[in-house]
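What follows is a short report on a single structure.
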Amino acid sequence: MKWKSNSFASRPLLFLLALLIVLLLVLTTLRDRPTPLTVGLPGVRVTVGGSTQPTAAAAIPNDKLLGGLLSPDFDEESCLSRYQAMLYRKASTHVLSSYLILKIRKYEALHKKCAPNTPLFQKSVEQLKTNHSTDQLECNYVVWIPREGIGNRMLTLAATFLYALLTNRVMLIHQSEDMVDLLCEPFPGTTWYLPSNFPIQGLEGHNKHSQNSYGYLVEKNLINTDHKAPPSSLPSSLYVHLGHDIREDHLHARFFCNDDQEVISKINWILLRADVYTVPGLFIIPKYDEELARMFPLKETVFHHLGRYLLHPSNTVWGMIMRYHKSYLAKAKERIGIQVRIFSWAPISVENVYEQVMRCTQQELILPGVNLNQSQISPSTSTESITKTVLLVSLYGEVYERLYNLYFVHPTTTGEMISVYQPTHEERQQTEKQFHNYKAMAEIWLLSFSDVFLTSAGSTFGYVSYSLAGVKPWFLQSSKDRNIPNPPCRRGATIDPCYHGPPNFNCKTGSTGDTGNIVRHVRPCDDFSYAPAVKLFD
């Protein structure tokens with residue numbers, strides 16, 4: 001009886017011991033269970049069911065494929081910048097979706113199958129001549145037409161490529177003379193250049209008044225806008241005008257409406273010309289919600305990832321970049337990029353711009369102060385001086401001269417050694433000249449190697465540079481009365497560029513509507529106050 005009593009009393013202990021063993025087994029199983037598929041990508045995890053969820057993984061330094069973003073199927077010598085640019089930038093810490101990688105690999109296969117000089121391309125060109133669309137083609141196209149300066153062109157190229165990804169189209173570019181040998185081919189084993197004998201000529205002459213534009217055709221009731229319309233009732237090609245000049249033009253703005261996209265998606269050839277970063281506009285189209293969410297878990301990284309994938313300076317331009325970098329910037333412990341632009345809508349004297357730069361860099365501790373009472377450097381107490389290099393990019397030379405002289409003549413209050421360089425000062429933008437574009441492209445990429453970035457508000461040149469770098473910029477505030485703004489600068493909230501002059505249109509009501517109030521992740525820009533503008537926020 002005593003033994004039975006002790007046995008009964010011990011049962012709770014045995015139960016607890018058994019429970020503890022079960023818990024340990026469960027914990028061990030969970031610990032050892034394989035993590036969800038990562039396909040070799042840092043910073044992203046793909047779960048069952050297709051949803052993409054970001055994780056906080058460390059970036060891999062010197063990863064020439066950028067976590068799988070770039071294809072390995074290239075001869076490296078044909079485009080040195082493609083696999084070398086990452087050596088001069090910090091590894092990206094911004095989440096990269098494996099779904100975006102899969103979309104790009106799928107796109108590359110489609111592009112190779114449908115590129116110029118292929119039977120499928122020729123078949124699509126022949127269909128173009130019939131003046132009506134068809135759903136019998138394997139290959140549909142969007143043709144990018146250049147407009148404005150290099151900064152605008154880089155932004156619109158990335159936006160057009162995103163549209164191609166969303167609509168399963170092949171993107172081809174019309175290569176103007178000032179674009180020759182500027183960029184490498186981005187897609188392996190094929191070309192992205194539209195042939196010179198393309199049946200539709202005079203592409204650069206297209207504008208919002210063109211009679212083959214979507215806005216004109218809608219206005220004149222020359223196109224079937226019923227979203228159930230069969231392709232045969234639609235033209236074989238359509239010009240889409242997405243310039244900043246369509247803000248109050250509701251007919252062209254209908255491109256960003258869901259029902260209109262249903263119509264446009266059935267047209268075999270889209271000719272697209274833009275001078276603004278239209279990506280936030282794509283995010284307000286419900287048709288593309290799910291795809292965009294899967295491609296970009298962090299919405300502000302669109303240009304950062306697409307720009308690093310798509311835009312690679314040619315060997316000619318890369319040679320210019322490398323020679324300058326190795327001569328002046330390579331030894332710096334910290335690189336500070338400053339890009340200065342004076343706009344007609346925000347006039348300010350060069351002297352005041354210099355003072356604004358100095359106030360910003362001093363207040364935000366970007367650059368050290370100087371001892372104006374000394375003209376010679378005191379002996380350093382440390383065995384090694386701390387060096388910061390400033391790369392100043394501007395059309396004007398006066399700001400550089402003053403900044404250079406300040407740090408050349410006077411010692412800093414911190415003992416740091418500051419070097420200041422400016423590659424060019426062209427005085428005016430000359431996009432129509434090829435060599436000018438070479439230099440502009442080189443300066444954008446040199447700026448994109450910066451650790452800290454300061455740029456004039458509203459500058460597309462600056463947008464491209466800091467977004468490629470993945471660095472949140474400091475914006476030099478725009479002057480409203482020719483005086484130095486107070487505060488002189490403010491920190492940008494995101495790394496994605498701003499869409500200047502988005503359409504002022506509400507698709508549901510068919511009337512005026514604020515683009516910045518349609519979806520929560522598209523909001524007014526934090527740098528551009530001259531006119532309405534929106535950007536992506538997380």
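Charge tally around residue 105: other residues with Cβ under 12 Å, Lys/Arg +1 each, Asp/Glu -1 each, net +1. From most to least packed by mean Cβ count within 10 Å, the peptides 522-529, 95-102 give 95-102, 522-529. Backbone amide hydrogens, once placed in the peptide plane, bring residue 175 within less than 5 Å of 194, excluding anything fewer than 5 places away on its chain.
For residue 71, no residue 5 or more places off, or on another chain, has a built amide H under 5 Å of its own. For the chain, the solvent-accessible area with a 1.4 angstrom probe is 46 square angstrom per residue.
Considering only 408, 98, 221, and ranking their Cα positions along the charge dipole of the chain that arises from unit charges at the beta-carbon of Lys, Arg, Asp and Glu, the one farthest toward the positive end is 98.
Residues in segment 217-230 carry Karplus couplings, in order, of 5, 5, 4, 8, 6, 9, 9, 7, 9, 6, 5, 9, 4, x Hz; the curve used is 6.51 cos²θ - 1.76 cosθ + 1.60 with θ = phi - 60°, and Gly or Pro positions show x. In terms of packing, defined here as the mean over residues of other Cβ atoms within 10 angstrom, the peptides 167-179, 125-137 line up highest first as 167-179, 125-137.
Dipole orientation for the chain: of the candidates 132, 361, 316, 361 has the Cα lying most toward the positive pole (charges on Cβ; Lys, Arg +1; Asp, Glu -1).
Using Cβ point charges alone (K and R +1, D and E -1), the dipole size of the chain about the Cα centre works out to roughly 1920 debye.
If the only charges are +1 at each Lys and Arg Cβ and -1 at each Asp and Glu Cβ, what is the size of the charge dipole of segment 400-538 around the Cα centre, to the nearest 20 debye?
On the way: 13 positive and 13 negative charges, 76 e Å.
Using only the charged Cβ atoms, the result is roughly 360 debye.
Relative contact order, whole percent, for the chain stands at 15, derived from Cα pairs under 8 Å and 6 or more residues apart.
Measuring nothing but protein heavy atoms, the accessible surface of the chain at 1.4 Å probe radius is 53 percent carbon and sulfur.
For the chain, the convex hull spanned by the alpha carbon atoms encloses 238 Å³ per residue. Between residue 492 and 474, 475, the built amide H atoms are under 5 Å apart, and every one of these is 5 or more places off in sequence or on another chain. Each peptide in 218-229, 437-448 was scored by the mean count of other Cβ atoms within 10 Å over its residues; highest first, the order is 437-448, 218-229.
The values are calculated or read from the model by the stated rules, or taken from the named source; none is laboratory data. Everything quoted here is computed from the prediction, not taken from an experiment. Neighbour counts are summed over all protein chains in view; Cβ atoms, including those assigned to glycine, are modelled from backbone coordinates with ideal geometry. We work out accessible area using only protein heavy atoms, side chains counted, and drop any ligands, DNA or RNA first. Shrake-Rupley method; radii C 1.70, N 1.55, O 1.52, S 1.80 Å.
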